[in-house]
Amino acid sequence: MSCNIRVKSSRLPDAKVSEMDFLESSFFRNGGPSRSLPTPAEVRALSAPNRTLPQPTPVRFAELNLLVKFGPHVTPTEAQCLWMIRKELQGQVPVPEVYGWRIDGAETFIYMQLVQGDTLRDRWDSLSYSDKTAVCQQLRQITISLRQLEQDQDELFIGKSLISLSAI
């Protein structure tokens, strides 16, 4: 059995900051010193047809290998979680690389790696039984890996308003 990884809020990027860039990410390392993330205004302009949805469709910048998830229900906490999972579990759980976030008015914009390919939802019906079994085994391993992460009980910061699953 593997050791649990204790997550302390002090090791997370500060969610109170309205503009965060992860300069160590591949987006900035591979793009040169003057590379910058699209502004919230640029993202909104490309999202114009979807602006009436409660959760706008993420905007793709394929040439930058970038996806921007945004809206009033998106928070920096989501970016923190992705960042921590990628950092601490180092490939055990496939998550996109987070490049940064912006808070603009009532909306948060999370800038992350664009992962190309079909979704499992779109492909599931066409998979063979053995392929479905393999996917389920992979999902089981991902769940086991995620369970390695635990919060310090003295400083709950993720899901603190929810009932603990262990209490059910």
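Here are a few things to note about the model shown:
- Filter pass, Phe28 being within 21 Å of Met84 (Cα to Cα), in the same structural domain as Glu97 (by TED's automatic domain parsing), more than 16 Å from the chain's Cα centre (by Cα) and surrounded by 12 or more Cβ atoms within 10 Å (Cβ to Cβ): yes
- Within the range 48-74, being polar (S, T, N, Q) and under 22 Å from Phe28 (Cα atoms) holds for one residue alone: Asn65.
- Within the range 20-57, the set of residues being within 23 Å of Glu88 (Cα to Cα) and of a type in the set (D, E, K, R) comprises Asp21, Glu24, Arg29.
- Just one residue in the set Phe61, Phe70 is in the same structural domain as Arg86 (by TED's automatic domain parsing) and surrounded by 18 or more Cβ atoms within 10 Å (Cβ to Cβ); that residue is Phe70.
- Pair list, Cβ under 9 Å, 6 or more apart: the range 23-36 residue over 15 Å from Leu114 (Cα atoms), other residue among the basic types (Lys, Arg): Leu23/Arg29
- In summary, Ile85 fulfils each of the numbered conditions (1) modelled with pLDDT under 95; (2) touching an Asp or Glu at 6+ places or on another chain (Cβ under 6 Å); (3) surrounded by 13 or more Cβ atoms within 10 Å (Cβ to Cβ) with the single exception of condition (2).
- Just one residue in the set Asp118, Asp131, Asp154, Asp125 is acidic (Asp, Glu), farther than 30 Å from Pro38 by Cβ, surrounded by fewer than 10 Cβ atoms within 10 Å (Cβ to Cβ) and modelled with pLDDT of 90 or more; that residue is Asp125.
- Among the residues examined, Pro76 qualifies as within 26 Å of Thr143 (Cα to Cα) and in contact (Cβ under 8 Å) with a residue 40 or more places away in the chain.
- For Thr133, the test of being of a type in the set (S, T, N, Q), closer than 18 Å to Met20 by Cβ and outside any loop (DSSP other than H, G, I, E, B) is failed.
The values are calculated or read from the model by the stated rules, or taken from the named source; none is laboratory data. Computed from a predicted model, the values in this text were never measured in an experiment. In this analysis, Cβ positions are derived from the backbone assuming ideal geometry, glycine residues included, and neighbour counts consider all displayed protein chains.
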